[in-house]
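The values are calculated or read from the model by the stated rules, or taken from the named source; none is laboratory data. As the structure is a prediction and not an experimental result, all values here were calculated from the model. Counting neighbours? That spans all protein chains shown, and the Cβs are built from the backbone with ideal geometry, glycine included. Just the protein is used for accessible areas: all its heavy atoms, side chains included, with ligands, DNA and RNA removed. Shrake-Rupley method; radii C 1.70, N 1.55, O 1.52, S 1.80 Å.
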Amino acid sequence: MPVPEFIRELRAQVGHRELWLSGVSVVVLDAGGRVLLTRRVDNGRWAVVSGVLEPGEEPARAAVREVAEETAVTVDIVRLTSVDVTPVITYPNGDRARYLDVCFLAHHVAGDPRAADDENSDVAWFAPDSLPDDLTDTSRLRISKALEGGPQAWFRR
């Protein structure tokens, strides 16, 4: 998905200066406990699904929307797993942003994962003990927090 219009409007005013934005990320598990990851086009690294909240959007709804937009997969949100602040991210065009990230654990419901937008070049399932070496640090942290406590805790409600 392209840059949201409200961010384009902000960028027209502030240029490349750092923006403080709200975002969501999602650790999606399938029935076998594998984690769904996307390979990002902007940095070539694997990451959990993530995205920017639209103004007024509820975080859990944004998480479900982002998973569908990026991977063509339907999920159910299980629980909130963390709220973190990201380091400053500098995008290839020079734009800078820092995110208040709200991370959720979700369970795969339907759909065969695929790169469904222009933000990702690949989508794949990984066992938690076989995550790719080129996984982003923030994703590694989010997965660790989401899977803390083992399977019995992953799906408690």
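Out of V52, V85, V109, V41, which single residue is without any contact (Cβ under 8 Å) to a residue 40 or more places away in the chain and within 24 Å of H16 (Cβ to Cβ)? Don't jump to the end; show me each part of the working.
Details: V52 fails: without any contact (Cβ under 8 Å) to a residue 40 or more places away in the chain; V109 fails: within 24 Å of H16 (Cβ to Cβ); V41 fails: without any contact (Cβ under 8 Å) to a residue 40 or more places away in the chain.
On inspection, the qualifying residue turns out to be V85.
Out of the residues in segment 1-22 that are free of Cβ contacts under 8 Å to residues at least 12 places away in the same chain and out of contact with any strand residue (DSSP E or B) (no Cβ under 7 Å at 6 or more places or on another chain), state the one that is surrounded by the most Cβ atoms within 10 Å (Cβ to Cβ).
Residue satisfying both the conditions and the ranking: V3.
I'd like the residue in segment 80-115 that is more than 24 Å from N43 (Cα to Cα) and among the small types (G, A, S) and, out of all such residues, is surrounded by the fewest Cβ atoms within 10 Å (Cβ to Cβ).
Once the filter is applied, the top-ranked residue is A110.
Based on this model, can you work out whether S144 counts as within 19 Å of L29 (Cβ to Cβ), polar (S, T, N, Q), open to solvent by less than 40 Å² (accessible area, probe 1.4 Å) and part of a helix (DSSP H, G or I)?
No.
Here is a yes/no grid of residues against (1) under 28 Å from H107 (Cβ atoms); (2) of a type in the set (S, T, Y); (3) assigned to a strand (DSSP E or B):
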site	(1), (2), (3)
I7	no, no, no
Q13	no, no, no
S50	yes, yes, yes
E70	yes, no, no
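So, of the residues in segment 23-32 that are farther than 17 Å from L141 by Cα and not aliphatic (A, V, I, L, M), which turns out to be least open to solvent (accessible area, probe 1.4 Å)?
First pass over segment 23-32, keeping only residues farther than 17 Å from L141 by Cα: 30-32.
From what's left, not aliphatic (A, V, I, L, M): 30, 32.
Working: D30: 15, G32: 70 Å².
Only one residue fits best here, namely D30.
Of (1) touching a residue at least 40 places away in the same chain (Cβ under 8 Å); (2) not in a strand (DSSP E or B), L100 satisfies all except one. Which?
Evaluating L100 over (1) touching a residue at least 40 places away in the same chain (Cβ under 8 Å); (2) not in a strand (DSSP E or B) leaves (2) as the failure.
How many residues does segment 33-79 contain that are within 24 Å of E148 (Cβ to Cβ) and either open to solvent by less than 50 Å² (accessible area, probe 1.4 Å) or aliphatic (A, V, I, L, M) (or both)?
Selection size over segment 33-79: 24.
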